[in-house]
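Some notes on the structure that comes next.
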Amino acid sequence: MSVLKFPHLFEPLIINRTVFRNRIFASPQGSSYLDKDEFPTPEVTVYYERKAIGGAATTCMGVRNVDPVSSLNFGDNVINLRDHRGISWFNYYTNAISRHGAVPSIELQHSGAFAQQSAKAGHPIYGPVEGDYDGYHVLAMTEGQITATIDAFIAHAKWAKLCGFGMVTIHGGHGWLLSEFLNPFFNTRTDQWGGSQENRARIVREICKGIHEQVPGLVVEIRISGGEGSKDGYGVETGIEIAKSIDGYPDIIHVSVGHATFDEAFTVMCPSMFLEDGVNVKYAAAIKPHIQYSKVGTVGALSDPALMEEIIASGKADIVNVARGLIADPDLPLKARTGNDKDINKCLRCSYCFSHIMSTGQYCCAINPEIGREHEYTTEPLKVIHPKDVLVLGGGIAGMQAALTAAKRGHTVTLAEKSSQLGGVLLCEEKVPFKVHLHEYIENQIRRVKEAGIKVLLDTELTPQQAEEMKPDVIIAAIGSTAIIPPIPGVDHDNVIAAEYAYTHAEELNGKTVILGGGLVGIELGIYLKNLGKDVEIVEMADKLNCGDNMVHEMGVNVEIDRIGLPVHTSTKALKIDENGVACQNADGEIFFPADHIVIAAGMKGRQEEAAAFAQSAPLFYQIGDCLAVKNIYEANRLGYNAAMELGTRW
Ligand SMILES: Cc1cc2nc3c(=O)[nH]c(=O)nc-3n(C[C@H](O)[C@H](O)[C@H](O)COP(=O)(O)OP(=O)(O)OC[C@H]3O[C@@H](n4cnc5c(N)ncnc54)[C@H](O)[C@@H]3O)c2cc1C
Ligand SMILES: Cc1cc2nc3c(=O)[nH]c(=O)nc-3n(C[C@H](O)[C@H](O)[C@H](O)COP(=O)(O)O)c2cc1C
Ligand code: SF4
């Protein structure tokens, strides 16, 4: 018997005398905020610590390259686990994790033939075989280099133990060195490190054996690619052979999928929003029956505890590894354990976090504004010394976040929304399958607003004068944006509609639809309509589609456009619209696109002036979200949260 809603998910797992309190393991994530010696700073520590507080069984500090010269793939900021001066920093880190009951792990990696960062710096780079990859020449490792690499992994595991880590995660997937050895299509050596699967796996077995012998008590997990997730990569049959050839050497075989250096495979490795929940579970499920000794983990697009429970209960895997699900909501395990799973903010799989960390080195999340500033909120935040009467204008992403945060902090909050419902502009995507978690998130926020004691005024568009008469201490304007209508002759024709309308009235779009605008709104609309079986094309005047600054989502978008065969015409400018379609100009001259419906997706314009008009109507005034600058969910949440956290802490 169990009092828990998800009993299998919360069944402890004891491996190598280490107790894992449940089956939710945090999947590896690379670090930023390292100090100049590449040691973790307190900000890094608390980012991972937050997952431990939220109830995950492990945390995993990503990518530590075991060879600082020839093994670097991305950036210089690899965690420095080779220098004794770091012992206290790492012990500070591991203590912060283990005191909350989670097991700290660290990922050890060698980038092999894809060590571009090392190659760029002029160092020779190595793989199992000689060849040219991604524009760099790769040398075949000698016998001596292979044994030195095995020793390096073991030496790093020793350091890890000394620093208080309870587990190491050896990266044997995603195209890096160890997966190159394991891969029969890549590793064509004929010596004892190739020629048969037994030989190809020798390097991994030697590493695991060495760690178990020389670092007793340390749990050894290995990530493998159960398949490479692209038409050119290997499939699950090879994944099964790879897993069988290492069974019993690592304690855990963590079955990931994909390849880090090819777009198509990357968007399966870190599943894009166009793929279904738990898309990669099938790989672990196919591998598990062949594995006798090691535990098996699965990873990718998991943030629903009901699905996780089913995976464990049905024996598809022993462990669920979660990366983005624990960024979007580090309390996912606690909420699931206590039966509050409805309150989980499920990851949108927008990958803004991944792109942001690669481009800026900063942690963040579109829907969790505490990410990247955990150090402020795992301790007591500044006290509210002057509780306020707060009037929030606009019930979209930013307004709801501001209202909720202010109410939670003890302020009295009124939320005035012009339309008849909360949710803002994104309500138009309610029916879009790949935005299902976004819709759930908005529904959750609306429920939270209702439960938080916030006074909600719907169908209410206040003038600055009316707002002033309500005598609030603070006005937070979050009134969003409006669609930009480009001055194309004929744009007011009957066959022209706005993107928002197209989203909500897709059933009316029979015949041919041309979308003018290849920004995210137009692209995602095109994908949505095409998946509904509509005849749709995108016309964009720039020379490429524009996914904003989200490079990981961009990969997913491009893969999906190719997969569904969505026609896209870049460097093509709309000149004139008539009842038969739209005339455009491209490099070859004028071209006419016949169309029954022409959708304008030319961007949004913030209601900046309209919002700024409220600046004199209360002693304190904040302008947040798209009405400050048209951006995204992350910015809307970030600014809404921040404004409300500051309120009343000083004046
Ligand atoms: C179709 C579409 C898809 C998008 N998809 C994504 C995505 O996948 N990921 C992402 O990060 N971003 C996305 N964006 C951008 C994102 O929606 C916005 O950045 C975000 O919604 C901004 O939140 P906000 O609260 O500032 O504005 P909104 O969500 O627009 O909310 C503003 C609210 O204010 C109300 N309002 C307006 N005037 C007044 C007034 N005078 N008084 C009271 N209320 C008023 C409106 O009715 C509305 O409810 C998308 C945008 C569009 C248009
Ligand atoms: C911000 C971020 C950083 C990541 N860093 C690493 C890393 O350092 N090493 C690694 O093996 N995987 C890394 N990953 C991949 C994840 O471990 C995981 O395999 C992938 O995100 C799919 O799981 P998810 O759908 O739960 O996010 C990272 C993912 C994210 C989102
Ligand atoms: S930024 Fe997007 S993908 Fe990343 S954790 Fe948050 S919701 Fe998920």
- Query: Quick one: of the DSSP bridges fully inside the range 13-377, what percent are antiparallel, nearest 5?
  - Reply: 15 percent
- Message: Counting other C-beta atoms within 10 Å, and keeping those with at most 11, which DSSP coil GluC sites (Glu not before Pro) do you find in the range 520-617?
- Response: 579
- Item | Cα-based Lys pair tally, the range 503-651, threshold under 18 Å, eight or more apart or on separate chains | 5
- Message: I want the antiparallel fraction of DSSP beta bridges within the chain, as a percent rounded to 5.
- Response: 25 percent
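Anything in the chain that counts as a DSSP H helix reaching 18 Å or more along its axis (C-alpha) with Kyte-Doolittle mean of at least -1.0? List them, would you?
Sorted by number, the helices that extend far enough and score high enough are 143-162, 551-564, 633-646.
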- Message: Name the residue from 308, 372, 275 whose Cα lies farthest towards the positive end of the charge dipole of the range 265-402, charges +1 on Cβ of Lys and Arg and -1 on Cβ of Asp and Glu.
- Response: 275
- Which loop trypsin sites (Lys or Arg not before Pro) in the range 484-545, with loop taken from DSSP, have no more than 15 other Cβ atoms within 10 angstrom of their Cβ? 544
- Note on the structure: Spelling it out for residue 65: with amide H atoms placed in the peptide plane at 1.01 Å from N, the residues 5 or more places away or on another chain with amide H under 5 Å from its amide H are 79, 109
- Message: Given Cβ point charges of +1 (Lys, Arg) and -1 (Asp, Glu) and nothing else, what value in debye, to the nearest 20, does the dipole of the range 514-562 about its Cα centre take?
- Response: 140 debye
- When a/c is below 1.5 the answer is rounded, else prolate if a/b is larger than b/c, else oblate, so apply that to the range 228-342 with a ≥ b ≥ c taken from the square roots of the Cα gyration tensor eigenvalues. oblate
- Query: Applying the Karplus parametrisation 6.51 cos²θ - 1.76 cosθ + 1.60 with θ = phi - 60° to the phi angles of the range 221-229, what ³J(HN,Hα) value in whole Hz is obtained for each residue in order, glycine and proline being reported as x?
  - Reply: 10, 10, 8, 10, 8, x, x, 9, x
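Need one word for the range 13-377: rounded, prolate or oblate. Basis is the Cα gyration tensor (sqrt eigenvalues a ≥ b ≥ c); a/c below 1.5 gives rounded, then a/b vs b/c decides.
Cα axes put the range 13-377 in the rounded bin.
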- Rounded to the nearest 0.05, what FRET efficiency do residue 334 and residue 293 give with R0 = 45 Å and r taken as the Cβ-Cβ distance? Could you check? 0.90
- Straight-distance crosslink candidates among aspartates and glutamates, where the alpha carbon sits under 12 Å from residue 418 and sequence neighbours closer than 8 are dropped: 459, 461
- Query: Given +1 on the Cβ of Lys and Arg, -1 on the Cβ of Asp and Glu, and no further charges, what dipole in debye does the chain carry about its Cα centre, rounded to the nearest 20?
  - Reply: 2220 debye
- Order of 218, 393 from fewest to most other C-beta atoms within 10 Å? 218, 393
- Message: For Cα pairs less than 8 Å apart in space and 6+ apart in sequence, what is the mean separation divided by the residue count of the range 464-572, i.e. the relative contact order in percent?
- Response: 22 percent
- Karplus-derived HN-Hα couplings along the range 569-583 (A = 6.51, B = -1.76, C = 1.60, θ = phi - 60°), whole Hz, x at Gly and Pro: 10, 8, 6, 10, 9, 6, 10, 7, 10, 9, 5, 9, x, 10, 8
- Quick one: Cα centre-to-centre distance for the range 405-447 and the range 227-279, in angstrom? 36 Å
- Per-residue ellipticity at 222 nm attributable to helices in the chain (runs of n ≥ 4 DSSP H, -39500 (n - 2.57) apiece, nearest 500 deg cm²/dmol) works out to -9500 deg cm²/dmol
- Task: Please name which of 532, 624, 386 has its Cα lying farthest along the dipole of the chain towards the positive end, using unit charges on Cβ (Lys, Arg +1; Asp, Glu -1) and the Cα centre as origin.
- Result: 386
- Taking neighbour counts of Cβ atoms within 10 Å as a proxy for exposure, in what order, fewest first, do 120, 631 appear? 120, 631
- Task: Pull out a ≥ b ≥ c, the square roots of the eigenvalues of the alpha-carbon gyration tensor of the chain, then state rounded if a/c is under 1.5, prolate if not and a/b is larger than b/c, and oblate in the remaining case.
- Result: oblate
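Take 17, 64 and order them by how many other Cβ atoms sit within 10 Å, fewest up front.
Lowest to highest Cβ neighbour count: 17, 64.
Just so you know, all these numbers are worked out from the coordinates, no wet-lab data involved. Computed from a prediction, not measured in an experiment: that's the story for all the values here. Note that we place each Cβ from the backbone using ideal geometry, even for glycine, and neighbour counts take in every protein chain shown.
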